[in-house]
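See structure below.
All of the numbers you see were taken from the coordinates with simple rules; none came from a lab. Bear in mind that the values here come from a model prediction, so they are computed numbers and not experimental data. Using ideal geometry, Cβ is built from the backbone for each residue, glycine included, and neighbour counts are taken over all protein chains shown.
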Amino acid sequence: MSDMGLILRLAFRNLFRNLRRTVITSGAIVAGVAVLIGGMGLVDGLDENVLRANEQAMTGHVLLRPDGYPTDGRSLPLEQAVPLPAELVSRLDSDPRIQSWTPRTWFQGRAVSGVDGMTVRAFTYDDAREAATFARERWVLKGAWPDGPGQVVVGQWLAGLLELEPGADLVLEARTRAGAINALGLRVTGIVHTGTPAADRVIWVPQQTGELLIVPEGAVSHVALRLDRRAQADAVVAALAGTGWTATTASWEARDLLALNAFRRKAISLVVLVLLLIAGTGIANTVIMAAYERIREVGTLRAMGMTTGGIRALFLVEGAVLGMSAGLVGALLGGTLVAWFSAHGIDLSGAADQVGDLAMSSTLYMRFSWGPILAALAFGVVVSVLASIYPANHAARLNPADAVRAD
C-alpha cells in the first residue's frame, strides 16, 4: 500500500476512534455550511423576488419617465405627464430587444364606496399593451377586465378595505391634468390579485375611462418595457438616453430593497464566519488532543520509517476528512432546505400589510444554485485544514525515541 493509502486509512480509523468527540467537533461546521447555503439561498431568493415583482406587475424590465418626473414612486404629479413623442414610439417599436411596451398615466385620487372613502393610487392603461407587457397569466382575477367605459378593476388589498366585490359601485375623485376637481361613478368589474402588494393596492382605469376622469389629453407618466432578457436592460437604458425620457432598470427601481438584502448577505456571512471560527478552534483542539493521545503510535510510525512529512500529512488529512464529512452533511441539510423552498415557496401574504407599497411578491422562492453549495463545502474543508496545521506540525516534531518510550 502506498504512503498516501496508509495515511488515508489511518485518518479514517482515527476519526472513528472517538466518534462522540468527532461528532461534537463537526457540529459547528455542519451548522456553518448549512446556514451559509440556506442564508445565501434566502437572500438570492429575496433579490429575485423583488426583481420579478417589479418586472411582472409594476415597472417591466425598463421603466421610462419624462425627464424631471419624480422617481420616488410616491409623488405622482399629473401636470408633469407628457404625450409620447412620435420619435420615441418609433424607437420603442423598432428595437428588436423590446418585446412590448405599455403606457401608464399614474395619478392620486379618492375612492368612495358607500360611506367609506380613502386616498388611493390609480393609473390609466391600454388593455392590449398591458396584457402583452405584464404577466397577467400569473395573476388571479375575480370577475373580468373592463370592456367598456365607466368600468375599473381594483387590487385585492384595496378591495378588501373598501369591501368591494365584482359588480359593486365605486366613486373615484381626482384632479384633471389642468387642475380641476372631477369625479366619476364607476362599476367594479374585477378584483385582481397580482401577488405583488404594491400592485394590489391600486385601481386599474382603462384609458377610455381615464380620459373622462383626469382628462390627460394623451399625456403619459410612465412607460413599462418588456425585453427578451433581463440582461439587456442596461443596454436598452443606454440606447434611450437623450430622448427626453429617463430610463431606469427594474433593479434600479428596487435599489433600496436590494441594498437591504446586500446587508443581510453580509450579516449572514458574519454569522457563518463566527461559526466556522468556533469550528476551527474545536478541530484544532481535537487534532492536538489526538496527537497527545497517540504519542506511542506516532513514535511507532516514525520508527517504521514514516517521515515527518508523512506524520504531518496524516493529521492534515484527518482535519480535511473531518471538514469534508461535516461539510457534506451541512451541504445536504442546507441544499435540501433551499431546494424545497425553491420549489414550494414561502407564503408571505400574511405580511402584506407590513410590506406596504413595496414591490415584492407575496410568495418567496429561495434560489437554488450549486455555486453557494460548492463554495460553502470548500470553505468548511479549508477551515478544517488550516485548523489542523499547528497540531500536525506539533505531531511531526515529536522525537521517535521519546514517543516510543511514552507511558
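Numerical summary
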item: Complete set of residues in segment 141-175 that are free of Cβ contacts under 8 Å to residues at least 60 places away in the same chain and of a type in the set (Val, Ile, Thr); result: 152, 153, 154
item: Members of segment 174-195 found to be hydroxyl-bearing (Ser, Thr, Tyr) and either surrounded by fewer than 20 Cβ atoms within 10 Å (Cβ to Cβ) or out of contact with any Lys or Arg (no Cβ under 9 Å at 6 or more places or on another chain) (or both), listed by number; result: 176, 189
item: Search result, residues across segment 179-210 that are touching a residue at least 40 places away in the same chain (Cβ under 8 Å), more than 27 Å from the chain's Cα centre (by Cα) and farther than 24 Å from residue 92 by Cα; result: 179, 188, 189, 190, 191, 203, 209
item: Members of segment 118-133 found to be of a type in the set (Lys, Arg) and in contact with a Lys or Arg (Cβ under 9 Å, 6 or more places away or on another chain), listed by number; result: 121
item: Those strands (runs of 3 or more DSSP E) lying entirely in segment 157-230 with at least 1 residues of a type in the set (Asp, Glu); result: 169-175
item: Which listed residue is more than 23 Å from residue 217 (Cβ to Cβ), in contact with a Gly (Cβ under 6 Å, 6 or more places away or on another chain) and small (Gly, Ala, Ser), from 155, 143; result: 143
item: Scan of segment 131-140 for residues that are hydrophobic (A, V, I, L, M, F, W, C), loosely packed, with under 15 Cβ neighbours inside 10 Å and touching a residue at least 60 places away in the same chain (Cβ under 8 Å), ordered by number; result: 132, 135
item: Residue check, residue 137 closer than 24 Å to residue 61 by Cα, assigned to a helix (DSSP H, G or I) and out of contact with any Ser or Thr (no Cβ under 8 Å at 6 or more places or on another chain); result: yes
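Residue by residue, here is whether (1) surrounded by 21 or more Cβ atoms within 10 Å (Cβ to Cβ); (2) among the basic types (Lys, Arg); (3) touching a helix residue (DSSP H, G or I) at 6+ places or on another chain (Cβ under 6 Å); (4) closer than 25 Å to residue 215 by Cα holds:
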site	(1), (2), (3), (4)
108	no, no, no, yes
122	yes, no, no, yes
129	no, yes, no, yes
142	no, yes, no, no
145	no, no, no, yes
166	no, no, no, no
